[in-house]
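Colleague: I have a structure here, written as structure tokens, and I will follow up with some questions on it.
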Amino acid sequence: MSNVVVIGSQWGDEGKGKVVDWLASRADVVVRFQGGHNAGHTLVVNGTSYKLSLLPSGVVRGTPSVIGNGVVIDPWALSREIGVLSGQGVTVTPDVLMIADNCALILPLHGHLDRAREEAAGKGKIGTTGRGIGPAYEDKVARRAIRVCDLADPDSLDMKIDRLLTHHNALLKGLGAKTLDAASIRAELEEIAPHILPYARPVWRELAAYRKMGKRILFEGAQGALLDVDHGTYPFVTSSNTLAGQAAVGSGMGPGGIGYVLGITKAYTTRVGEGPFPTELFDDKGERLGVRGHEFGTVTGRKRRCGWFDAVLVRQSVKLGGIDGIALTKLDVLDGFDTLKVCVAYRLDGKEIDYFPSSMSEQARVEPVFEEMEGWTQSTEGARSFAELPATAVKYVRRIEELIEAPVALLSTSPERDDTILMHDPFED
Ligand code: IMP
């Protein structure tokens, strides 16, 4: 039996919500370990749709859920999300939700800064979610963040806010913007503290206890491998490490606790925000993928860019992320295409290469080398066994496995939890 880490193997939005929900129903505890409320996971449970941003997916079913230290928390957004779930009949109590007391907070100033910088960048913008994720991680690394535990320590809060504002007010003055007032930040934090503190504790201890008891731990990654701050398409990335190794650091557990790494992989490619995308489609085929796949951001509502499956990028994610097997999602979106294309290599300055280079200018110059495959006319939606799939769909799946050098452990054929074909149980690895 093994713990499982779920990560996205592309640029996020691979359909992690459904797979995580499916696995969460069999896990003893679910852990978020990076990112913040930039994530958007949609779960469909008994016909009801739940949209989660910051809360681990386990909370919907009452499975103990942990927000680990690697996450940046906007306490107001968290409180609102708990409120929305409560309106849908899901009560989030401190028995179900545990928050690492050493998580760094996202304050309103981080959101303002994120959006102001994007606006000022014009064409050079990253296309962030505007949620303050980058600025909050910057303050964490610069050792001036306010953390969850600080909410319980009003005596030291003034000193910490002063330290934070020494930096931010200098920046704001330089930009000719209005500076911030320490007293009002303190008042806001004091007001929100009682909504967050009941959930706060040293969660690494709880996780160590779960591990000792041999319980199943599910680590729920957000975003995707290609948005990783080190290994992604920098600078068009998020500000955290999204790969499986982060599950250990971002929850307070040794690397031995990680177990099986499941990479969620969409049967085609999408991306929101700016940045390179070699297989992007600008024609009616891309439009069709977007419409059939409902490719609009859960968090920002932005239209996602769509393109063919890029096996080079996913193979890179498999190697970088230590992915043991993939969950292939949204195969049904490809139903009805006469032919399909898969990117099998790139051409860079006349030479063929089998990896995505790090340099921005090289990334912009690579051209995809496509392999064309026959499509299928029958519907694959809702298939629950391999035998129900058309032969050409099976061929497509097998070719992907070969190209990315990882097996398909799970195949998801609709947003419904039970429309899943299981080839290999990650928990039983
Ligand atoms: P940030 O995380 O808001 O700083 O945004 C940085 C980049 O990551 C932008 O391209 C966003 O569109 C992208 N991004 C952040 N979160 C997600 C997500 O959950 N799914 C897909 N893209 C995301």
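The values are calculated or read from the model by the stated rules, or taken from the named source; none is laboratory data. Since the model is a prediction, treat every value here as computed from it, not as a measurement. Virtual Cβ from ideal backbone geometry, glycine too; neighbours counted across all protein chains shown.
Colleague: With respect to G12, is the statement that it is at positive phi and touching a Lys or Arg at 6+ places or on another chain (Cβ under 9 Å) true?
Modeller: yes
Colleague: Next up: Select from the stretch 122-140 the residues that are assigned to a helix (DSSP H, G or I) and closer than 16 Å to T238 by Cβ and list them in ascending order.
Modeller: Those that are assigned to a helix (DSSP H, G or I) and closer than 16 Å to T238 by Cβ: I133, G134, P135, A136, Y137, E138, D139, K140.
Colleague: Also, quick follow-up: Take the residues in the stretch 292-329 that are β-branched (V, I, T) and modelled with pLDDT under 95; name whichever of them is farthest from S53 (Cα to Cα).
Modeller: T300
Colleague: Of all the residues that make up the stretch 119-131, how many are surrounded by fewer than 20 Cβ atoms within 10 Å (Cβ to Cβ) and near the ligand (Cβ under 9 Å from one of its atoms)?
Modeller: 3
Colleague: Go through the stretch 186-204 and count every residue that is free of Cβ contacts under 8 Å to residues at least 24 places away in the same chain and either crowded, with 17+ Cβ neighbours inside 10 Å or under 25 Å from the mean Cα position of the chain (by Cα) (or both).
Modeller: Residues in the stretch 186-204 being free of Cβ contacts under 8 Å to residues at least 24 places away in the same chain and either crowded, with 17+ Cβ neighbours inside 10 Å or under 25 Å from the mean Cα position of the chain (by Cα) (or both): 0 in total.
Colleague: How many of the residues in the stretch 224-237 are charged (D, E, K, R) and either in the same structural domain as A152 (by the TED database) or surrounded by 17 or more Cβ atoms within 10 Å (Cβ to Cβ) (or both)?
Modeller: 1
Colleague: Which residue pairs have Cβ atoms closer than 7 Å, lie 6 or more positions apart in sequence or on different chains, and pair a first residue in the stretch 146-165 that is of a type in the set (K, R) with a second residue that is modelled with pLDDT of 95 or more and part of a helix (DSSP H, G or I)?
Modeller: So the pair list comes out as K160/D150.
Colleague: Right, here's the next one. Yes or no: the stretch 255-270 includes at least one residue that is without any contact (Cβ under 8 Å) to a residue 24 or more places away in the chain, assigned by the TED database to the domain that holds C343 and within 16 Å of the chain's Cα centre (by Cα). Before the answer, list the steps.
Modeller: Here is the first cut: in the stretch 255-270, the residues without any contact (Cβ under 8 Å) to a residue 24 or more places away in the chain are 255-256.
Those left that are additionally assigned by the TED database to the domain that holds C343: none.
So far as the stretch 255-270 goes, no, none of its residues is without any contact (Cβ under 8 Å) to a residue 24 or more places away in the chain, assigned by the TED database to the domain that holds C343 and within 16 Å of the chain's Cα centre (by Cα).
Colleague: Would a scan of the stretch 199-206 turn up a residue that is assigned to a loop (DSSP other than H, G, I, E, B), among the hydroxyl-bearing types (S, T, Y), closer than 27 Å to P64 by Cα and away from the ligand (no atom under 14 Å from the Cβ)?
Modeller: No, because not a single residue in the stretch 199-206 is assigned to a loop (DSSP other than H, G, I, E, B), among the hydroxyl-bearing types (S, T, Y), closer than 27 Å to P64 by Cα and away from the ligand (no atom under 14 Å from the Cβ).
Colleague: Can you pull out the residues in the stretch 339-359 that are in contact (Cβ under 8 Å) with a residue 40 or more places away in the chain and closer than 27 Å to L289 by Cα?
Modeller: L340, K341, V342, C343, V344, Y346, D354, Y355, F356
Colleague: Follow-up. Given V72, V90, V31, which one is touching a residue at least 40 places away in the same chain (Cβ under 8 Å), more than 16 Å from the ligand (Cβ to nearest atom), under 14 Å from the mean Cα position of the chain (by Cα) and more than 22 Å from T413 (Cβ to Cβ)?
Modeller: Among V72, V90, V31, only V31 is touching a residue at least 40 places away in the same chain (Cβ under 8 Å), more than 16 Å from the ligand (Cβ to nearest atom), under 14 Å from the mean Cα position of the chain (by Cα) and more than 22 Å from T413 (Cβ to Cβ).
Colleague: Moving to a separate point now. Checking the structure you have, find out if any residue of the stretch 95-106 is away from the ligand (no atom under 16 Å from the Cβ) and at positive phi.
Modeller: no
Colleague: Of these, G297, G221, G293, which one is surrounded by 19 or more Cβ atoms within 10 Å (Cβ to Cβ) and in contact (Cβ under 8 Å) with a residue 60 or more places away in the chain?
Modeller: The match here is G221.
Colleague: Still on this model: Only residues that are touching a helix residue (DSSP H, G or I) at 6+ places or on another chain (Cβ under 6 Å) and free of Cβ contacts under 8 Å to residues at least 40 places away in the same chain: list them for the stretch 300-313, please.
Modeller: Across the stretch 300-313, the qualifying residue is only C306.
Colleague: Tell me the residue from T270, T242, T233, T238 that is within 12 Å of the ligand (Cβ to nearest atom) and closer than 23 Å to V29 by Cα, please.
Modeller: Of the residues listed, the single one that is within 12 Å of the ligand (Cβ to nearest atom) and closer than 23 Å to V29 by Cα is T242.
Colleague: Considering only residues that are crowded, with 24+ Cβ neighbours inside 10 Å and away from the ligand (no atom under 16 Å from the Cβ), look in the stretch 1-20 and name the one that is nearest to H294 (Cα to Cα).
Modeller: The extreme case among them is V5.
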